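Novice: So that we are looking at the same thing, I have put the structure below in structure tokens.
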Amino acid sequence: MNYDREGQPVAALVWFPVLAGEIAERIVWKHHLSRAIGKRAIVVGAGAGGIATAARLAKAGFSVTVLEKNSFTGGRCSLIFHEGHRFDQGPSLLLLPKLFQEAFRDLDTSLEAEGVELLRCPTNYKVWFADGESFELSTDLARMKTQIERWEGKDGFHRYLDWLREAHQHYELSVSEVLHRNFTSFWNLIVPHFVLTGLKLHPLHRVWGRAQKYFWTERLRRVFTFATMYMGMSPFDAPATYSLLQYTELAEGIWYPRGGFHAVLAALVRVGERLGVEYRLNTPVRQVLVSPDGKKARGVQLEAGEILEADVVVVNADLVYAYSNLFPQTPKMQSYGKSLRKKDGSCSSISFYWSLDRTVPELQTHNIFLADEYRESFDAIFDRQSLPKEPSFYVNVPSRIDASAAPEGRDSVVVLVPVGHLPESKGFSEPKSAGMPRDQDWPALVDRARRAVLSTVSARTGCESLDKFITHEIINDPAAWEDKFNLDKGSILGLGHGFFNVLAFRPATRAKGLANAYLVGASTHPGTGVPIALAGAKITAEQILDDLGVMVPWQGNAAVDLDMDRGVPQNEKTNPLDRIQPGVSQVPALRVVLYIYVLVSMLWILWYWYPMRKTLLVSGA
């Protein structure tokens, strides 16, 4: 005898349709899986996007090999070690945690199950100003209220809540309508639904311009706009949509994986290896091989000369570098590569990794030092591609949140000074009018950046000059970024994210003019940043599976993703306490009168214009 959930007996026949449906679903799944079994995929590059794509394809039944030129995985999201000190080479804070959770859930696991522990930073940032004042950004609304009202009064806090509401909309719409969709054609942009959605994202406004609406002091405008540096952009140029970056920090917090940011990607590597992914490190790729007719990718040739055949090639190397160096240099490919090299790139950086022989309690985990000449500091980077006379910069002390980042009683310090990128792509004589000349005195430039950082930190925090405590220094400058990771012009965040560099305007995830070749990473859709690259890996993997007629194994998780933040399901069984019943809106009488006035005016215009139009047509004839 079978029983229902209430324990009542149910005839066995009732279960037959359910059982039949499950069997049919399994048969369909096995049929689609058989299409992937035996197919081979090669992923060039073990960055965040490459690692995640490899695991997803392996889950779908592919035999996957990842080829990485360096001796480590993670790309820019890797670690540097020195005598007990640990540094995050690139990203040092985890944002948009739900995108990380989604990546692991789609692979039938979780961050927790893979041993990844996320530590929440008690304060997001401490922003230091030249006049000695500071501002602590936090998820604590009471702390934010106190600080905002100090500078802009109670109306200022009201405007802050209005800004949060708009940024919340930017965030939610971007996640649902951009980060989980591919834009394979310009037609995707003019679908009525997306046009209406796009207007709500304020893509034609600038981050700084929208901030001016809600924050009325220069100080708070700076506090709520500097985060565009995450995209390698100026707040005076970045689309207003990117207010979502600081929104997610304020609404969801800033997190740090214990053991360093690479711990997340190391976990994804382990998941992929369990699914059968093979990683070959110290294995640079010379070129992508094509079929005799030149229309399809068929594998790669390594720098050592070895040839590896594949049904699918996914390139996670820097996109501009790939089109200029890895893909076959046909006239069309050369032309497209040249057009990419002319596109606006993100900034580069001079990054310092300092081992200190003591702790610096004046510094928090994340610190922002803003130039007094705020706009000039951005113009110097993005308009003149140089090092500002007074740079804004970021200081990270990972040992403040994770003691394992440094020996006891010491600190590890990472300093990122944004600078312009190099003027031309390596190996190509197409110099732009502005850039960091390759033949300049780099030691002198680095020394100028170092002196600016040391003097600013000491003056604003009151701590002793850090140079007394630095026992070892490692440096990454634009040339180093270019050499280590093949980043075009040393742009640390790939192509820029201006209006004509996103969505359908951004280089596609399917390689141009070459079947069976795909791209994933910072410079393709949806954009830069580790969580965005993970979202991009899902988009690219699903495109590959769709092109090959293979079922997406995590498709059932889509409903789970959508329902996570949708509240209690509303149906006849919903507890009365949890039923959503919108309150009745009481429209003021004046507004009703205004609506009637507008309606009558429109009807009058139509009534007046229609006979006038007939008169004009007759007289014109």
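The values are calculated or read from the model by the stated rules, or taken from the named source; none is laboratory data. In this text, all values refer to a predicted model and were calculated from it rather than measured experimentally. As a convention, Cβ positions derive from the backbone with ideal geometry for all residues, glycine included, and neighbour counts pool all protein chains shown.
Novice: Go through segment 357-389 and report how many residues are of a type in the set (Asp, Glu) and either buried (at least 23 other Cβ atoms within 10 Å of the Cβ) or in contact with a helix residue (DSSP H, G or I) (Cβ under 6 Å, 6 or more places away or on another chain) (or both). Steps first, answer last, please.
Specialist: Restricting attention to segment 357-389, the residues satisfying the condition of being of a type in the set (Asp, Glu) are 357, 362, 372-373, 376, 379, 383.
Okay, now just the ones that are also either buried (at least 23 other Cβ atoms within 10 Å of the Cβ) or in contact with a helix residue (DSSP H, G or I) (Cβ under 6 Å, 6 or more places away or on another chain) (or both), so 362.
Adding up the residues that qualify gives 1.
Novice: For segment 503-533, which positions are surrounded by 20 or more Cβ atoms within 10 Å (Cβ to Cβ) and either farther than 17 Å from GLY49 by Cα or among the hydrophobic types (A, V, I, L, M, F, W, C) (or both)?
Specialist: LEU503, ALA511, LEU514, ASN516, ALA517, LEU519, VAL520, ALA522, VAL530, ILE532, ALA533
Novice: Answer yes or no: is there a residue in segment 138-149 that is among the acidic types (Asp, Glu) and in contact (Cβ under 8 Å) with a residue 40 or more places away in the chain. Spell out the reasoning first.
Specialist: If we filter segment 138-149 for residues that are among the acidic types (Asp, Glu), which is where we start, we get 140, 149.
In the following step, the residues that additionally are in contact (Cβ under 8 Å) with a residue 40 or more places away in the chain were identified as none.
No, the conditions are met nowhere in segment 138-149.
This table checks each residue for (1) under 16 Å from MET233 (Cα atoms); (2) among the charged types (D, E, K, R); (3) within 24 Å of the chain's Cα centre (by Cα).
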position: LYS338; (1), (2), (3): no, yes, no
position: SER346; (1), (2), (3): yes, no, yes
position: PRO361; (1), (2), (3): no, no, no
position: PHE378; (1), (2), (3): yes, no, yes
position: GLN385; (1), (2), (3): yes, no, yes
position: VAL417; (1), (2), (3): yes, no, yes
position: LEU422; (1), (2), (3): yes, no, yes
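Novice: Evaluate the following for SER335: is it outside the structural domain of PRO398 (by TED's automatic domain parsing) and either of a type outside the set (Ser, Thr, Tyr) or under 27 Å from ARG40 (Cα atoms) (or both)? Even if it seems obvious, please write down each step before you answer.
Specialist: Values: outside the structural domain of PRO398 (by TED's automatic domain parsing): yes; either of a type outside the set (Ser, Thr, Tyr) or under 27 Å from ARG40 (Cα atoms) (or both): no.
The answer is no for SER335.
Novice: Now for a separate question. Just to be sure I understand the filter: pairs with C-beta atoms under 6 Å, separated by 6 or more residues or on different chains, first member in segment 424-442 and on the phi > 0 side of the Ramachandran plot and surrounded by 13 or more Cβ atoms within 10 Å (Cβ to Cβ), second member modelled with pLDDT of 80 or more and part of a loop (DSSP other than H, G, I, E, B). Which pairs pass?
Specialist: Once the first residue is on the phi > 0 side of the Ramachandran plot and surrounded by 13 or more Cβ atoms within 10 Å (Cβ to Cβ) and sits in segment 424-442, its partners that are modelled with pLDDT of 80 or more and part of a loop (DSSP other than H, G, I, E, B) give GLY435/GLN385; GLY435/LEU422; GLY435/PRO423.
Novice: Can you tell me which residue among LEU189, LEU199, LEU173, LEU161 is out of contact with any strand residue (DSSP E or B) (no Cβ under 9 Å at 6 or more places or on another chain), free of Cβ contacts under 8 Å to residues at least 40 places away in the same chain and farther than 20 Å from LEU250 by Cα?
Specialist: None of the others qualify; the one that does is LEU199.
Novice: Across segment 300-356, what is the number of residues that are hydroxyl-bearing (Ser, Thr, Tyr) and either free of Cβ contacts under 8 Å to residues at least 12 places away in the same chain or in contact with a helix residue (DSSP H, G or I) (Cβ under 8 Å, 6 or more places away or on another chain) (or both)?
Specialist: Matching residues across segment 300-356 total 9.
Novice: Do you know which residues across segment 496-521 are in a loop (DSSP other than H, G, I, E, B) and either modelled with pLDDT of 95 or more or farther than 20 Å from ALA227 by Cβ (or both)? Can you show your working first?
Specialist: Quick first cut of segment 496-521, residues in a loop (DSSP other than H, G, I, E, B) only: 496-498, 502, 506-509, 511-514, 516, 520-521.
Hits for segment 496-521 are ARG506, PRO507, ALA508, THR509, ALA511, LYS512, GLY513, LEU514, ASN516, VAL520, GLY521.
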